[in-house]
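Just below is one structure, and these are the notes that go with it.
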Amino acid sequence: MYKNFFYKLKIFFLRILGYDKPLRLALLKYLSLKYKRFRPHYETILLESVLEAKKIGYTKVSIIELGVAGGNGIIALENYKKKIQKITNVEINICGFDFGEGLPDSDNKYDLPFFWISGLYKADNQKLNEKIKSKIYYGDIKDTFKEFIKTNPPIISTIFSDLDYYTSTKNFLNQLPEFKDFLTPRVYCYFDDIFNSNHYINEHNGELLAIKEFNNENEDIKIGKSVGHSSDFKFPLGGENLFMLHNFNHIDYFKNINFSKTSLSLDDKKVDKIFNF
Ligand SMILES: C[S@@+](CC[C@H](N)C(=O)[O-])C[C@H]1O[C@@H](n2cnc3c(N)ncnc32)[C@H](O)[C@@H]1O
């Protein structure tokens, strides 16, 4: 029990003292790890994307989670959906996509095969389906996304991507140009696997490589990331993973969504309100 106790204590203190974010953030992160359905990042990304969809004039949107596993993400989304539908009057259609047998086999070196193991995250699909109202498409995302599109779903305003692999993410992204009319002008994209605490993930593998290649291969749709900024306050725990997909040729791309009343006149000393709902 006390094996290497002092060495562990030393590493513990080094980690605490060297942690370069405020410790209150560590507390929020800890709560989200301990309580798997406490996802302030999911809630605020969902909220902002639906508020934007409403400003453009959409009355229905689709929210998709890629990689569902046991379903904690979908259950959290279903909970947040109730409140957000109420305050926005926008109907939210949630759909999930999962292989259904845990992670698929992979022989691709960019999938972090030393870290993500085939079959990992296999879950009880039936148990989940009894608990939720949202539809989950089981199978490989390269086939199931097409199936979903065939149902003529409401326009997609948010993508929560948690497929772990480079190949799976790439197979999904590659379909977007063909189905770009099913995407809002700007789609809020949360990519879960852009960091791991051993620093294995970077722009040469996993989701980041898939995004980089997608951007190199496409002109009309780009997926980008804002710079880290002191004005970034809307997405607790989400800002680092949030990317914005710009669907540049969308018919509504130029539609004004900035209803701010803030004046920059010298006579006007009031600031605009913080909440936009
Ligand atoms: C980390 S888990 C998802 C966890 C879930 N988002 C959550 O928050 O609890 C990753 C999932 O991605 C799914 N996945 C990976 N590659 C896939 C593919 N090509 N098609 C469909 N699902 C895939 C796996 O089946 C696995 O269940």
Environment charge of Ala53, counting only residues whose C-beta is closer than 12 Å and scoring Lys/Arg +1, Asp/Glu -1: +1
Please work out the FRET efficiency for the pair Ser118 and Asp268, using the Cβ-Cβ distance as r and a Förster radius of 45 Å; give the result to the nearest 0.05. 0.15
Sparse-neighbourhood loop sites, GluC sites (Glu not before Pro) in segment 139-222 - DSSP loop, at most 13 other Cβ within 10 angstrom: Glu178, Glu203, Glu219
Give the lysines reachable from Lys270 as a straight Cα distance under 25 Å; neighbours fewer than 8 places away on the same chain don't count. Lys55, Lys234, Lys261
Would you mind getting me the FRET efficiency between Phe179 and Glu219? Use the beta-carbon distance for r and R0 = 22 Å, nearest 0.05. 0.85
Ranked list, fewest to most other Cβ atoms within 10 Å of each Cβ, for Lys3, Lys170, Lys234, Lys131: Lys3, Lys131, Lys234, Lys170
Go ahead and estimate [θ] at 222 nm for the chain from helices alone: -39,500 (n - 2.57) per DSSP H run with n ≥ 4, summed, over the residue count, rounded to 500. -11000 deg cm²/dmol
Taking θ as phi - 60°, what are the ³J(HN,Hα) couplings along segment 78-89 by the Karplus curve (6.51, -1.76, 1.60), each to the nearest whole Hz, with x for Gly and Pro? 4, 5, 5, 4, 4, 5, 5, 4, 5, 7, 9, 6
Listing Asp111, Asp105 from the residue with the fewest other Cβ atoms within 10 Å to the one with the most, what is the order? Asp105, Asp111
Qualifying chymotrypsin sites (Phe, Trp or Tyr not before Pro) in segment 138-210, DSSP loop, other Cβ atoms within 10 Å at most 14: Phe179, Tyr200
Where a Cα-Cα gap under 18 Å defines reach, which lysines qualify for Lys133, not counting those fewer than 8 residues away within the same chain? Lys60, Lys81, Lys82, Lys83, Lys86
Could you list which residues have their amide H under 5 Å from that of Ile156, counting only those 5 or more apart in sequence or on another chain, with H placed in the peptide plane? Ser62, Leu183, Thr184
Could you go through segment 190-207 in sequence order and give the Karplus-derived ³J(HN,Hα) for each residue, using 6.51 cos²θ - 1.76 cosθ + 1.60 with θ = phi - 60°, rounded to whole Hz, and x for Gly and Pro? 9, 9, 6, 10, 9, 8, 9, 5, 8, 6, 6, 8, 7, 5, 9, 7, x, 4
So what is the relative contact order of segment 42-247, in percent, for Cα pairs below 8 Å that sit 6 or more residues apart? 22 percent
Comparing Ile201, Ile74, Ile94 in a Gaussian network model of the chain (Cα, 10 Å), the one with the largest mean-square fluctuation is Ile201
Which of rounded, prolate or oblate describes segment 167-277 when judged by the alpha-carbon gyration tensor and an a/c cut-off of 1.5? oblate
Report the antiparallel proportion of the DSSP beta bridges in the chain as a percent, rounded to a multiple of 5. 30 percent
Cross-link partners of Lys170 among lysines (Cα-Cα below 25 Å; sequence separation of 8 or more within a chain): Lys109, Lys122, Lys135, Lys142, Lys146, Lys150, Lys180, Lys212, Lys222, Lys225
Answer rounded, prolate or oblate for segment 143-226, using the Cα gyration tensor with square roots of eigenvalues a ≥ b ≥ c: rounded when a/c is under 1.5, else prolate when a/b is larger than b/c, else oblate. prolate
Name the residue, out of Glu130, Glu65, Glu43, whose mean-square fluctuation peaks in a Gaussian network model built on the chain with Cα pairs under 10 Å. Glu130
Whether the chain is rounded, prolate or oblate, judged on the alpha carbon gyration tensor where a/c under 1.5 counts as rounded: oblate
For the chain, set up a GNM with springs between Cα atoms under 10 Å and report which of Arg186, Arg24, Arg37 has the largest fluctuation. Arg24
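Coordinate-derived values only; no laboratory data. Please read all numbers here as calculations on a predicted model, not as lab measurements. A quick note on method: Cβ atoms are made from the backbone with ideal geometry, for glycine too, and the neighbour counts reach across all protein chains shown.
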